[in-house]
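Peer 1: Let me begin by handing over the structure; questions about it come next.
The values are calculated or read from the model by the stated rules, or taken from the named source; none is laboratory data. These figures come from a predicted structure and were not determined experimentally. As a convention, Cβ positions derive from the backbone with ideal geometry for all residues, glycine included, and neighbour counts pool all protein chains shown.
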Amino acid sequence: MSYTIGMEAIRLQCPKRLAHTEYCSNYALVRAVTGKDPAREPSAWREFHDAWQIDLLWVTNDGPVPWSQRGRTTDMGHAEFLEGGIDRRDTVHCPFRDVEEVLQFDAVEEYGLPDMDELVAYYESFYRRGQSENPNQIFTGGYYKTIVSGAIEAFGWDMLLEAAADRKRFDRVLESFYRLSLHHYQAWAKTSAPVFICHDDMVWSEGPFMHPDFYRSAIFPRYAKLWQVLHEAGKVVLYCSDGTWTEFVDDIAQAGADGFIFEPTTSLDYVVERYGKTHVIVGSKVDARTLTFGTREQIQREIDETLRIAKGCPGFMFAVGNHIPSNVPVDNALFYFEYLSEHWWR
């Protein structure tokens, strides 16, 4: 049922209820719903996805060998996000001595291009296994470090921002990330995965960190070329970025995205007004901060405000766009889903 509802939304066929996905790392919530500990029992996640009627799993895969094993990458450390702070990492290391090294960087030379046939076989096996293990959800294909996220992985924020000040030379650097991504997109295009997530964290919560003109000259045209490869193979392309990119929604649509995945800081009203009838929309007005610190009345209000404009969109997929992290109180999360699932019917 969930897979069918998800695909109907992806195809803009207006399923009988709003489609649904979540990005949840709240182990206590999974334990409350399933009675199982996801840290010890992998089946807990599948049971949670079924219980919460999740129709699509947000999945990306950038290949069998991480960049850190192929060449230079920057470790910016990691703040506490998961339960118990198990993901905290205080190590910080940048292998680039100065911005000149960054501006001379070539991602293809640094990380290499895997053999195409082997890469296709790897991605196809990954997709088929994931879809088989999660038959009730759409198991997406996808790529995470497309262009900007690739530069973040390689250089870290400090070096990236310094290099981006030299637009002409930095454009050449981004071209190398594009060529690397193109190879992987071509491989993904040859798989049987029907839905593909292009992830690229191109902005901050405050908005663009580079001049908008640079996005329009150096980034969006490259997205268009990447997505053309997928469209020629019959894939549905969902574009995903954290942060606030309302001013770029039209650019992303013009580049060819079939759908948008975004956080509550990007205007849902604008996206629905412009693309509610023509594109897949994955998000809502429900904010993780409201789930964490708000009252039930505030949570209900954000759900209601979303439902009011979402039910007329044939490809709407409800989600808390900025995640359900471990600090969300379980009772609030349970109330959120209970209320949503009672009212998401068209």
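Peer 1: Need pairs with beta-carbon distance below 6 Å; first residue free of Cβ contacts under 8 Å to residues at least 60 places away in the same chain and within segment 329-346, second surrounded by fewer than 15 Cβ atoms within 10 Å (Cβ to Cβ); sequence gap 6+ or separate chains.
Peer 2: Phe335/Arg296
Peer 1: Okay, next question. When the residues of segment 6-26 are narrowed to those that are part of a loop (DSSP other than H, G, I, E, B) and touching a Leu at 6+ places or on another chain (Cβ under 8 Å), which ends up surrounded by the most Cβ atoms within 10 Å (Cβ to Cβ)?
Peer 2: So, considering only residues that are part of a loop (DSSP other than H, G, I, E, B) and touching a Leu at 6+ places or on another chain (Cβ under 8 Å), the one surrounded by the most Cβ atoms within 10 Å (Cβ to Cβ) is Thr21.
Peer 1: Would you point out which residue out of Arg169, Arg222 is surrounded by fewer than 18 Cβ atoms within 10 Å (Cβ to Cβ), in a helix (DSSP H, G or I) and of a type in the set (Lys, Arg)?
Peer 2: Checking each option against the conditions leaves just Arg169.
Peer 1: When you check Val320 against the structure, is it surrounded by 15 or more Cβ atoms within 10 Å (Cβ to Cβ), farther than 19 Å from Arg17 by Cβ and of a type in the set (A, V, I, L, M), yes or no?
Peer 2: Here the answer is no, as Val320 does not meet what is asked.
Peer 1: Which of the residues that make up segment 293-308 are of a type in the set (Val, Ile, Thr) and either crowded, with 18+ Cβ neighbours inside 10 Å or touching a Pro at 6+ places or on another chain (Cβ under 6 Å) (or both)?
Peer 2: Matches in segment 293-308: Ile299, Ile303, Thr306.
Peer 1: If we keep just the residues of segment 193-244 that are within 27 Å of Val320 (Cα to Cα) and polar (S, T, N, Q), which is nearest to the chain's Cα centre (by Cα)?
Peer 2: This residue is Ser241.
Peer 1: Please enumerate the residues belonging to segment 239-267 that are over 24 Å from Lys225 (Cβ atoms) and touching a strand residue (DSSP E or B) at 6+ places or on another chain (Cβ under 6 Å).
Peer 2: Selection gives Thr244 alone.
Peer 1: Can you confirm whether segment 279-298 contains a residue that is part of a loop (DSSP other than H, G, I, E, B), more than 21 Å from Met202 (Cβ to Cβ) and without any contact (Cβ under 8 Å) to a residue 24 or more places away in the chain?
Peer 2: Scanning segment 279-298, I find at least one residue that is part of a loop (DSSP other than H, G, I, E, B), more than 21 Å from Met202 (Cβ to Cβ) and without any contact (Cβ under 8 Å) to a residue 24 or more places away in the chain, so the answer is yes.
Peer 1: Tell me whether segment 154-168 contains one or more residues that are within 20 Å of Cys240 (Cβ to Cβ), charged (D, E, K, R) and touching a Leu at 6+ places or on another chain (Cβ under 9 Å).
Peer 2: Taking every residue of segment 154-168 in turn, none turns out to be within 20 Å of Cys240 (Cβ to Cβ), charged (D, E, K, R) and touching a Leu at 6+ places or on another chain (Cβ under 9 Å).
Peer 1: Looking at (1) in contact with a helix residue (DSSP H, G or I) (Cβ under 9 Å, 6 or more places away or on another chain); (2) modelled with pLDDT under 95; (3) over 30 Å from Met116 (Cα atoms), which is the only condition Glu80 fails?
Peer 2: For Glu80, the failing item is (1).
Peer 1: Now for a different question. Given Ile303, Ile252, which one is in contact (Cβ under 8 Å) with a residue 40 or more places away in the chain and assigned to a helix (DSSP H, G or I)?
Peer 2: Residue meeting the stated conditions: Ile303.
This table checks each residue for (1) in contact with a helix residue (DSSP H, G or I) (Cβ under 6 Å, 6 or more places away or on another chain); (2) exposed (fewer than 15 other Cβ atoms within 10 Å of the Cβ); (3) free of Cβ contacts under 8 Å to residues at least 12 places away in the same chain.
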site	(1), (2), (3)
Ala28	yes, no, no
Phe48	yes, no, no
Leu57	no, no, no
Asp62	no, no, no
Arg70	yes, yes, no
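Peer 1: When you look at Thr290, is it modelled with pLDDT of 95 or more, surrounded by 15 or more Cβ atoms within 10 Å (Cβ to Cβ) and more than 23 Å from Leu56 (Cα to Cα), yes or no?
Peer 2: yes
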